[in-house]
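The values are calculated or read from the model by the stated rules, or taken from the named source; none is laboratory data. Values in this document were obtained by computation on a predicted structure and should not be read as measured data. Every residue, glycine among them, receives a Cβ derived from its backbone with ideal geometry; neighbour counts consider all protein chains shown. We work out accessible area using only protein heavy atoms, side chains counted, and drop any ligands, DNA or RNA first. Shrake-Rupley method; radii C 1.70, N 1.55, O 1.52, S 1.80 Å.
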Amino acid sequence: LFIVNDRPDLAVLSQADGVHVGQEELPVLEVRAIVGPQMLVGVSTHSLDQARQAVLDVANYLGCGPTFPSRTKEFDDFPGLRFLREVAAEVRLPAFAIGGIGPENVASVLATGFRRIAVGQSVTGVSDPADAARQLAQVLRSEPGPPRLAPVEPATPT
């Protein structure tokens, strides 16, 4: 799948499969008006209220976090593992844990009930990205439930 970050207009022009927006970008309902009903729309969420709103706004999937400090983006607050447990218990949309996830902490993410992760620096910031991705995929496959790994590009400062 080809998902464009932050820009529904470019997602339409490039005929992408979807667009992912954060809380600082357009709301999901406005994104949906731009991209139409067929394109996937994902949204980053940092609280259970935001996750609930994304469901009401008919998002297709969630990014939930940040779970841990990350070298990709800086955050003041970390909803962490507690937030992942809340979402796993209540929300039925596909949801990806985001933020600082790597081989050293992926097991604690999986213990929350999440089976999907989005990673950046833990794969792109190491000397052997293919091996890092294989290690994470192996951990995901060893857990019950559908394994899902969604690599993401490092964020560029704005």
Cα gyration tensor of the range 1-73 diagonalised, 5x eigenvalues square-rooted, in angstrom largest first, produces semi-axes 20, 15, 9
Once you put a point 7 Å from the Cα of ASP9 and another 7 Å from the Cα of VAL55, both along the Cβ direction, what distance in nm separates them?
3.4
Got a number for the accessible area of ASP131? Probe 1.4 Å, square angstrom, nearest 10.
50
Cα→Cβ-extended label distance, 7 Å offset, between PHE2 and ALA89, nm:
4.1
Once you have the alpha carbon radius of gyration of the chain, what is it after dividing by 2.2 N^0.38 Å, with N set to its residue count?
1.00
